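All remarks here apply to the structure that follows.
The values are calculated or read from the model by the stated rules, or taken from the named source; none is laboratory data. Remember, it's a predicted structure, so these values are computed and weren't measured experimentally. Cβ coordinates were reconstructed from backbone atoms using ideal geometry, including for glycine residues, and neighbour counts include every protein chain displayed.
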Amino acid sequence: MYLEHFGLNEMPFSLTPDTSFFMGRAGYQEALNVLLVALRSGEGFVKLTGEVGTGKTLLCRTLLKTLHDEFATAYIPNPYLKPASLLLTIADELGIAYPKRCTQHQMMRVLNAALLELNAAGRRVLVCMDEAQAIPCETLETLRLLTNLETEKAKLLQVVLFGQPELDRVLAQPSIRQLRQRITFSYELKPLDAAGVEEYLAHRLSVAGYPDVPLFTRRAMKAMFEASGGIPRLVNILAHKALMCAFGSGALLVDKVQIREAIRDTDDARRGLEERRAAGARFKRWVLSGLGLGGLAGLALIAQLVHAGFVG
């Protein structure tokens, strides 16, 4: 495609969560550090939330890769499971043998025995639940009961819940308040700011073999940030399409014109840009209406907005 044209070794903006592209800067390294500290200190439940496309799965896989030698790990990408199915899935992921016909109670006993053996061998066990906002309440309760398994000094099982913001609403339900109270570490993964998008683009291009020179113009990066809202998945989609447009026209730099073409071809980016512009227009009208306060009151309002970063 455009690899040879731009001198790249691989696709820099693939949507596949490739851990070699993990950016150990911005909020990502901080999030990884929070998870590592929590798990190494033996916490039973840890929660990480973030909007769709902010990089939760990539962070999860990076965590599993980092902890590879310290923990026996189970990664469950689709947690919409009944309680019995969850137990079987965890056993399969950990390589634990169990009878063909096994009740839920029997499965709990099998897991308990296996976890005790792993603990005796010096291995801690971690279960990572991706898309955790989709876990049924009764399955969450089974997961809580699993984390009850412990020795006098340590939990036999630790769990990290990766989910969209809706996960907080699920955990707010009174029926699972016991689980909610056990979540001792939480982190919210935020979208990138403008500087973060610039850093993100440069990082992925560098990993893909591009030399340390600008490929996207300032105008292009600004337009991409405005259209993506700092969501890495949308940045990837827009950057990939913009590179295709540049390659098609023979250009060696990506400018605002290619980003505009990419935005037109990406529904979420186009809608997001329209919504942000509409919100900006409403905010501008609100600021102007504040000026109508007149005198010191109007000046005080503008000063507060400038201090808060709403007005440049």
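The set of residues in the range 206-232 that are out of contact with any Phe, Trp or Tyr (no Cβ under 7 Å at 6 or more places or on another chain) and within 15 Å of Arg25 (Cα to Cα) comprises Ser206, Gly230. Looking only at residues that are out of contact with any helix residue (DSSP H, G or I) (no Cβ under 7 Å at 6 or more places or on another chain) and among the acidic types (Asp, Glu) in the range 156-199, which one is nearest to Ile259 (Cα to Cα)? Looking at the filtered set, the residue picked out is Asp193.
What do you reckon, is Leu116 of a type in the set (A, V, I, L, M, F, W, C) and assigned to a helix (DSSP H, G or I)? So Leu116 fits the description; yes. Apart from one condition, Leu205 fits all of (1) farther than 30 Å from Leu140 by Cα; (2) out of contact with any strand residue (DSSP E or B) (no Cβ under 9 Å at 6 or more places or on another chain); (3) touching a residue at least 40 places away in the same chain (Cβ under 8 Å); the exception is (2). The set of residues in the range 210-238 being under 21 Å from Gly55 (Cβ atoms) and among the hydroxyl-bearing types (Ser, Thr, Tyr) consists of Tyr210, Ser228. A residue that is part of a helix (DSSP H, G or I) and either within 26 Å of Arg182 (Cβ to Cβ) or free of Cβ contacts under 8 Å to residues at least 24 places away in the same chain (or both) occurs nowhere in the range 9-22.
Scanning for something outside any strand (DSSP E or B), modelled with pLDDT of 90 or more and under 16 Å from the mean Cα position of the chain (by Cα), does the range 169-190 turn up at least one residue? Checked the range 169-190: at least one residue is outside any strand (DSSP E or B), modelled with pLDDT of 90 or more and under 16 Å from the mean Cα position of the chain (by Cα). Among all residues of the range 67-89, there is none that is assigned to a loop (DSSP other than H, G, I, E, B), farther than 28 Å from Glu188 by Cα and in contact (Cβ under 8 Å) with a residue 24 or more places away in the chain. From the list Ala202, Ala227, which one is surrounded by 16 or more Cβ atoms within 10 Å (Cβ to Cβ) and in contact with a helix residue (DSSP H, G or I) (Cβ under 8 Å, 6 or more places away or on another chain)? Selected residue: Ala227, the only one of Ala202, Ala227 that is surrounded by 16 or more Cβ atoms within 10 Å (Cβ to Cβ) and in contact with a helix residue (DSSP H, G or I) (Cβ under 8 Å, 6 or more places away or on another chain). Applying the set (1) under 30 Å from Gly55 (Cβ atoms); (2) surrounded by 15 or more Cβ atoms within 10 Å (Cβ to Cβ); (3) aromatic (Phe, Trp, Tyr) to Tyr80 leaves exactly one unmet item: (2). Might you let me know whether the range 96-108 holds any residue that is farther than 24 Å from Val170 by Cα and among the small types (Gly, Ala, Ser)? Looking through the range 96-108, at least one residue is farther than 24 Å from Val170 by Cα and among the small types (Gly, Ala, Ser).
So for the range 38-49 (the condition being part of a helix (DSSP H, G or I) and surrounded by fewer than 19 Cβ atoms within 10 Å (Cβ to Cβ)), does at least one residue qualify? Scanning the range 38-49, I find at least one residue that is part of a helix (DSSP H, G or I) and surrounded by fewer than 19 Cβ atoms within 10 Å (Cβ to Cβ), so the answer is yes. Scanning the range 96-113 for residues that are under 30 Å from Thr49 (Cβ atoms) and either of a type in the set (Ser, Thr, Tyr) or in a loop (DSSP other than H, G, I, E, B) (or both) yields one hit, Ile96.
If you take the residues of the range 171-189 that are touching a Gly at 6+ places or on another chain (Cβ under 8 Å) and not charged (D, E, K, R), which of them is farthest from Phe71 (Cα to Cα)? The residue in question is Leu189.
Pairs meeting the criteria (first residue in the range 224-252 and more than 28 Å from Leu59 (Cβ to Cβ), second residue buried (at least 23 other Cβ atoms within 10 Å of the Cβ) and among the polar types (S, T, N, Q), beta carbons under 9 Å, at least 6 apart or on different chains) are Cys245/Gln258; Ala246/Gln258; Ser249/Gln258; Ala251/Gln258. Does at least one position in the range 133-148 carry a residue that is surrounded by 20 or more Cβ atoms within 10 Å (Cβ to Cβ), in a strand (DSSP E or B) and over 22 Å from the mean Cα position of the chain (by Cα)? No, the range 133-148 contains no residue that is surrounded by 20 or more Cβ atoms within 10 Å (Cβ to Cβ), in a strand (DSSP E or B) and over 22 Å from the mean Cα position of the chain (by Cα).
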